[in-house]
Structures are given as C-alpha cells and as structure tokens.
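Undergrad: One structure, as structure tokens, below. Some questions next.
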Amino acid sequence: MGFLNKDQIEQFHNDGYLIINNFLTDEDVASLRKAIATIIDDFQPDQHRSVFTTTDTPKQARDTYFLESGDKIRYFFEEGALNENGELIVEKDRSLNKIGHALHWLDPDFKRVTFSPEVKESVKDIGFKDPAIAQSMYIFKQPGIGGEVSPHQDSTFLHTEPMKIVGMWFALEDVTLENGCLWFIPGSHKEGISRRFIRNPDESSPNLTIYTDPNPDYDETKFIPGPVPKGSMVLIHGEVVHKSERNLSQNSRHIYTFHVIERENTTYSSDNWLQPTEKLPFPGVFDN
C-alpha cells in the first residue's frame, strides 16, 4: 500500500499537479523554519549581491554564483531588496528571494524531510523507479516585495531524455491568493515543453546560460489557483505550466521545494544549467 490512493495518482497524471493537505506535521514545519532562521543568521549580505528573478534572465546569465550553486547553500536577493547602488534597503531576513540549491543534502533538518518515508512512497506511487534529488530551494516570497514567478515548466530547467521530473513543494505557511499561491494550467503537461534553459555553448558570450526559445504567451484564463494551508505538499509534474504572482500582502509565503529526476533508463541532459558534481552527485531518494 502506497502513500497516495488510486484517485490521487489518477488526478496527478490527468492534471499535472496534486495537492495533499497535512503532508508535513507542525513539528516538521517548525524544524524547517528554525533551520532556515539559523542559516540566515550565518549569512553575510556583503559577500554577494546576486538577485534572482524569472522575468529578467541576464542577471543569472552572467552569474557564476548561480551556476555553481548546485552543491552549496547560496543566497539570492529579491529585486526590491536592493537600491540602484546594490545596497540593502530592507532587513536581512526580509531581503532574500530564495536559498538554494543543496539544502536537501547539507542541512540535517531539510535532509530528514526530503528523504522521509512519505516522500519515498509518493514518488514510488507516481511511477519513479530510481529517483534522485537534483536540487532544493527555500523560497520566501517576502511581504510587499516578493516577486512574481512567470509561467514556466520545470523541465525547461531540468531536462531529461525521456522527460521524467517532478517537483515536491511544501507550504511552511498558509499560502493564499493574496500572498502568492501557485497557479496551474491543468493538463498542460501533455503538450511537451516549449523551450530549454541551458549552458551557453558559445564560450565567447558573456552569458553563461541562455533560453533556446522565447517564452510562449499562455492563455491567462486557463490558470487555476492552488491556495493551500500550512503543511500541504504540492506534486508538480515537470511539464505542467505554472506560475505565482507577486506578494503584495503583508504576509510572507515561505515554502520548501525540491526536484526529483528519474535515473532508470533516463539520461540527464549534459547542457542543463545544473550539473551533478564530484562533491555532490545527485543523491538517490531510496538510497538515503
């Protein structure tokens, strides 16, 4: 008997996403919130000024700090947290867009949740045979300045052949329409991906990464909101189109997320921006 029932598995494969309430306990949520607070305490904002945005790619495109973050815990600011001189204009703990991309391996609290029995059962239930964790992120969606995440497909960034990727997204606070919940186009995962985000093959270019095509104009009327209470988990098919709006409320929207790739009879693309390293090969879900 798996963790997901037959109807939930069918809904995931039909819609491309699935919301499961009460996946994390209150103790799980508290442990992750406490762990991230400790990580932020150790953060020295003057050491780097990397801003993360999905709407203006050149910021990441020239940034080795981003490109080399797969086996580290690194910090990325919100656009609204810095002035034109790159100086912090909000408190340190309200300045960050996200922390990534190896929380799942380098922090014991995040590692415990990532490799929990419930996670293992869930990925097995949706058909993964030899899954591994490619990356993880803690996303803050800060009050008032939390940026939008434009419509995208996760397999644009983490491509495998054949395609088999799923995101697991955990609400560490109540996620509402006002503070930036996810929105999905149900069934859009059945249409393939529209573009890729890759390491630039042109070594003479200042851009280390590029998109292979422009982002399509999606029909905004097709998006369905997915507000969820604290402790919920959202399964996100790698090819489903999803987004989140800016957080214009006075409430943050803390979430933890990681991406699972299939290794059995699957090739992880060598031109993906994120690559396994000798320090951190992608750890197997069932091996840890």
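The values are calculated or read from the model by the stated rules, or taken from the named source; none is laboratory data. Fair warning: this is a prediction, and the values are worked out from it, not measured in the lab. Note: ideal-geometry Cβ built from the backbone for every residue, glycine included; neighbour counts use all protein chains shown. When the accessible area is computed, the model is the full protein with side chains, heavy atoms only, and any ligands, DNA or RNA have been set aside. Shrake-Rupley method; radii C 1.70, N 1.55, O 1.52, S 1.80 Å.
Undergrad: Hey, what's the chain come to in accessible area per residue, 1.4 Å probe, Å²?
TA: Accessible surface, normalised per residue, equals 45 Å².
Undergrad: Further, regarding this structure: Taking only DSSP H segments of four or more residues, each worth -39500 (n - 2.57), what value at 222 nm results for the chain once the sum is divided by all its residues, to the nearest 500 deg cm²/dmol?
TA: Mean residue ellipticity, 222 nm, calculated: -5000 deg cm²/dmol.
Undergrad: If we sort 114-127, 168-181, 75-88 on the protection proxy, mean other Cβ atoms within 10 Å, highest first, what's the order?
TA: Packing proxy ranking, top to bottom: 168-181, 114-127, 75-88.
Undergrad: Moving on to the next point. Return the sequence-ordered ³J(HN,Hα) values of region 258-266 in whole Hz as given by the Karplus equation 6.51 cos²θ - 1.76 cosθ + 1.60 applied to θ = phi - 60°, using x for Gly and Pro.
TA: Result, rounded to whole Hz: 8, 10, 10, 10, 8, 9, 6, 6, 9.
Undergrad: Moving on to the next point. What is the magnitude of the charge dipole of the chain about its Cα centre, with +1 placed on the Cβ of each Lys and Arg, -1 on the Cβ of each Asp and Glu, and no other charges, expressed in debye to the nearest 20? Can you show the working numbers first?
TA: Working: 29 positive and 45 negative charges, 50 e Å.
Once rounded to the nearest 20, the dipole reads 240 debye.
Undergrad: I would also like to ask the following. Please compute the length gained on full extension between Asp202 and Lys124, using 0.36 nm multiplied by the number of residues separating them and subtracting their Cα-Cα distance.
TA: 24.2 nm
Undergrad: Amide H to amide H under 5 Å from Ile165: which residues, 5+ apart in sequence or cross-chain, H placed 1.01 Å off N in plane?
TA: Gly238
Undergrad: Please state the shape class of the chain: rounded when a/c is under 1.5, otherwise prolate if a/b exceeds b/c and oblate if not, all from the C-alpha gyration tensor.
TA: Judged from the Cα gyration tensor, the chain comes out rounded (a/c under 1.5).
Undergrad: What number, in percent, do you get for the relative contact order of the chain if the mean sequence gap of Cα pairs under 8 Å and at least 6 apart is divided by its residue count?
TA: For the chain, the relative contact order is 29 percent.
Undergrad: So, with a 1.4 angstrom probe, what is the percent of accessible area on the chain that is carbon and sulfur? Intermediate values should be presented prior to the final figure.
TA: Values: 6170 of 12980 Å².
For the chain, the apolar C and S fraction of the accessible surface comes to 48 percent.
Undergrad: Looking at region 124-257, how many pairs of lysines come closer than 25 Å at the Cα, when each pair is eight or more places apart or spans two chains?
TA: Within region 124-257, the lysine pair count is 15.
Undergrad: Could you pull out every residue, at least 5 positions away or on a different chain, whose amide H is within less than 5 Å of the one on Gln275? Hs are placed 1.01 Å off N in the peptide plane, and Pro or chain starts have none.
TA: For Gln275, whose amide H was placed from the backbone, there are no distant partners under 5 Å.
Undergrad: Put +1 on the Cβ of every Lys and Arg and -1 on every Asp and Glu Cβ in region 98-201; which of Gly187, Thr160, Phe140 then has its Cα farthest towards the positive end of the dipole?
TA: With unit charges placed on the Cβ atoms, the residue in question is Thr160.
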